[in-house]
Structure formats: structure tokens, C-alpha cells
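> Here it is, the structure in full.
The values are calculated or read from the model by the stated rules, or taken from the named source; none is laboratory data. Keep in mind the model is a prediction, meaning the values are calculated, not measured. Glycine also receives a Cβ, built like all others from the backbone with ideal geometry; neighbour counts cover every protein chain displayed. Heads up: the accessible areas ignore ligands, DNA and RNA and are worked out on the full protein's heavy atoms, side chains in. Shrake-Rupley method; radii C 1.70, N 1.55, O 1.52, S 1.80 Å.
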Amino acid sequence: MKEATDVFSDWAEQGKDLGMERGHATAVSEMLKAAIENLPQPFSAIDIGCGNGWVVRKLTTLGAIRAEGVDGAKQMILKAREIDPQGTYHEAQLPEWTPDNPFDFVHTMEFLYYLKNPEEMLSKIHDEWLNPGGWLVAGVDHYSEHEASLKWPEQLNVHMTTMSIQDWEKAMQNAGFQNLKIWQTASSENFPGTLAMLGQRAADS
Ligand SMILES: C[S@@+](CC[C@H](N)C(=O)[O-])C[C@H]1O[C@@H](n2cnc3c(N)ncnc32)[C@H](O)[C@@H]1O
């Protein structure tokens, strides 16, 4: 099997990052809308698995005073820095890398299931990436109830951890998130929607 970061580095070279940006835009808008009404203004934020950095740049228009992105695909990060030379984009493998300072808000779209242990990453986000009282919003399109997505690991020759909606909800709870909202968004005739997950690290934790 190939490393996801190698596959997506090739995708960036082929310009396929723009297709992902278009494909994910509706779900990401809904996820950001649900999260941002809970955040202080201004807020600090990071996008995990940021690709070409399009959500990082969106976050600065939504009130982020410090917005950063991290991705393990070299060409994605090169592209992000080319588009936005003033921006902060980290090229790093996850879950090993952790930020120097925590954030008020963590966003991640279509990244978590590439990991062998998404629940471990959720715990790290909760304990190490977020300030007390901070919020996570995460979206995944590969999950058990989205039958067509079950073929993706074989089609892409990349590891994906397949979890049901209930598994994701439990993983968010086990990681310590509170005030959970789990919903499917941006569905269409052949797509049950992005599974979106919103949760908060307790203010006194
Ligand atoms: C499906 S793309 C989504 C990109 C972006 N979030 C978007 O919506 O356009 C998944 C991204 O996660 C990154 N990624 C996957 N596994 C990773 C890992 N272990 N460490 C760092 N980045 C990873 C890939 O390089 C890729 O850019």
C-alpha cells in the first residue's frame, strides 16, 4: 500500500487539490458555520491535513488572528506557501507532530481515517492541540454507512480506517469531547453526506 501523503503529493502536482477544494467546499462551509458561532472573536486556529491550505486562508476571513495549516504531503505544502507566502504551513507527518502552542479551534476535513488509529489522534487534539474550552470540527466522507466509500482503500491503494457513525461518536466521547454534535451534511442523491463532528474541550480541563 502507498502512503497517503505520497498519493496526495502527486495529486497536488497534477492539480487535483483544486477538485478536492471544490468537492469539499459545501460541507466545510456548514462545518465552519456550526463551529464558529461558539468561538471567541478573534480566535486562533489550525487546519490538520490542510492540503493546499484553502481552509487556512478561509479561516483568516472568518476572524482567525492566527491561522496555521499542517500536512505531510510535500507538494501540498509547497503549493500552500506559493499561494500564500505570508501564511504558516507546516510540512509534518501525523500523529507524530504536535504544535508548539495550542489553539482555540481545530478544523480537519477528510484526514482522520488515513491514520491507523483515528481515536488516538482525536485524544491528542483534545489534550495537546486545543486550549481548554476550545472546539474541534472534523469531517469524514469514508465511513461504514457510505457504502461507495468502502471501495476507496482498494481503488487508491491507501490505508483507510473504516468506522461507523456510532464508532466515530464513541471515539469523540472517549477522547474527552463534550457538547457533541454529529451530523451528515452536503448529502446528494448518491452520497449520504460528509459525517461532521463538532466537540468542545471542557473549559476546566
Ligand atoms: C483528502 S485530502 C484533504 C485535503 C484538504 N483537507 C481538503 O479538504 O482539500 C487528505 C490530506 O491529508 C493529508 N494526510 C493524510 N495522512 C497524513 C498524515 N499521516 N500526516 C500528515 N498529513 C496527512 C494528505 O497529505 C492530504 O493532503
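> Using a 1.4 Å probe, how large is the accessible area of S205, given in Å² and rounded to the nearest 10?
Rounded to the nearest 10, the figure is 60 Å².
> With the chain treated as a Gaussian network of Cα nodes joined by springs under 10 Å, which of V28, V70, V158 yields the largest mean-square fluctuation?
V158
> Right, here's the next one. So how far apart, in nm, are the two label points at N101 and N131 if each is 7 Å from Cα heading toward Cβ?
Result for the modelled spin labels: 0.9 nm.
> Here's something else I'd like to know. According to a simple spin-label model (label point 7 Å from Cα along Cα-to-Cβ), what is the distance in nm between Q155 and I65?
According to this spin-label approximation, the distance is 4.4 nm.
> Something else about it: Over 25 Å between C-alpha atoms is what I'm after, so list which of K151/K181; K16/K181; K2/K151; K79/K151 land there.
Pairs exceeding the cut-off: K151/K181; K16/K181; K79/K151.
> Further, regarding this structure: Would you list which aspartates and glutamates come within 20 Å of K74, measuring only between C-alpha atoms, while excluding same-chain residues fewer than 8 positions from it?
E3, D6, D10, E13, D17, E21, D47, E82, D84, E91, E96, E110
> Extent of segment 165-205 along each principal axis, from alpha carbon coordinates, in Å, largest to smallest?
Its Cα atoms span 43, 17, 8 Å along the three principal axes.
> Heavy atoms only, probe 1.4 Å: what % of the accessible area of segment 113-205 goes to carbon and sulfur, would you let me know?
Values: 1790 of 4320 Å².
With neighbouring chains kept in place, the figure for segment 113-205 is 41 percent.
> May I ask you to derive the FRET efficiency for N190 and V7 from their Cβ-Cβ distance with R0 = 30 Å, giving the value to the nearest 0.05?
Details: r = 23 Å, r/R0 = 0.78.
With a Förster radius of 30 Å, E is 0.80.
> Could you estimate the translational diffusion coefficient of segment 1-54 from the Stokes-Einstein equation, with Rh from the Kirkwood formula over C-alpha pairs, at 25 °C and 0.890 mPa s, in whole µm²/s?
Translational diffusion coefficient: 188 µm²/s.
> Something else now. Using Cα springs under 10 Å in a Gaussian network model of the chain, which residue among G53, G133, G69 shows the largest mean-square fluctuation?
In the Gaussian network model the winner is G133.
> With 14 Å as the cut-off, how large is the P(r) tail for segment 1-93, expressed as percent of Cα-Cα pairs?
For segment 1-93, the fraction of Cα-Cα distances above 14 Å is 64 percent.
> Something else now. Using only the Cα atoms, what convex hull volume per residue in Å³ does segment 64-205 have?
Numbers: hull volume 17.8 nm³, N = 142.
Output value, Cα hull per residue: 125 Å³.
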